[in-house]
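So the structure is just underneath, and the comments pick up after that.
The values are calculated or read from the model by the stated rules, or taken from the named source; none is laboratory data. Everything numeric here is computed off the predicted structure, so don't read it as measured data. Cβ sites come from the backbone with ideal geometry, for glycine too, and all protein chains shown count toward neighbours. Surface accessibility is based on the protein's heavy atoms, side chains included, excluding ligands, DNA and RNA. Shrake-Rupley method; radii C 1.70, N 1.55, O 1.52, S 1.80 Å.
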Amino acid sequence: MSDERSKERRARRILKEDTAIQRQMRIAKQFGVPANPEQRHRFAKHHALNCGDPNCVMCMNPRKAFGEKTMQERRFDQKEKYDQED
């Protein structure tokens with residue numbers, strides 16, 4: 001079943017993905033990241049400035065890098081302290 005609505009949704013989805021890829025290609029070009037135009041599909045789910053190294057401070061999990069608790073853990077600890085006061 002291909003009606004006009006489904007065709008329009010598909011076209012929007014493809015346009016949105018192409019726009020995101022073009023944006024990442026432009027960012028890569030500005031920062032001098034080697035971006036091969038034939039492999040532009042790599043930027044569909046990968047940001048241009050993400051080096052992919054799990055030990056890089058900019059790319060890794062901030063909890064692992066800086067030793068901070070996540071917002072959920074802070075909320076839980078705060079609620080636990082509040083319950084203990086009662």
Checklist entry - When the accessible area of the chain is split by element with a 1.4 Å probe, what percent falls to carbon and sulfur? => result 51 percent
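What whole-number value in Å² describes the accessible area per residue of the chain for a 1.4 Å probe?
On the way: 8240 Å² over 86 residues.
Ligands and nucleic acids excluded, the figure is 96 Å² per residue.
Using 1/(1 + (r/R0)^6) with R0 = 35 angstrom and r between the beta carbons of Asp53 and Gln84, what's the FRET efficiency to the nearest 0.05? Intermediate results must be reported in sequence, preceding the final value.
Values: r = 42 Å, r/R0 = 1.19.
So, using R0 = 35 Å, E works out to roughly 0.25.
How big is the shadow of the Cα convex hull of segment 20-60, averaged over all directions, in nm²?
Values: hull surface 11.6 nm².
Mean projected area of the Cα convex hull: 2.9 nm².
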Item to check | Chain lengthening between Arg9 and Ala65 when straightened (0.36 nm per residue, less Cα-Cα) | outcome: 16.1 nm
Checklist outcome for this item: Placing one equal point scatterer on each C-alpha of the chain and summing with Debye, one gets log10 I(q)/I(0) at q = 0.11, 0.27 Å⁻¹ equal to -0.60, -1.19
Next on the checklist: Explain nothing, just the number: relative contact order of the chain, from Cα pairs under 8 Å at least 6 residues apart, as a whole percent.
Outcome noted: 18 percent
Checklist entry - Could you give the angle, 0 to 90 degrees to the nearest 10, between helix 71-85's Cα long axis and the longest principal axis of the Cα atoms of the chain? => result 20 degrees
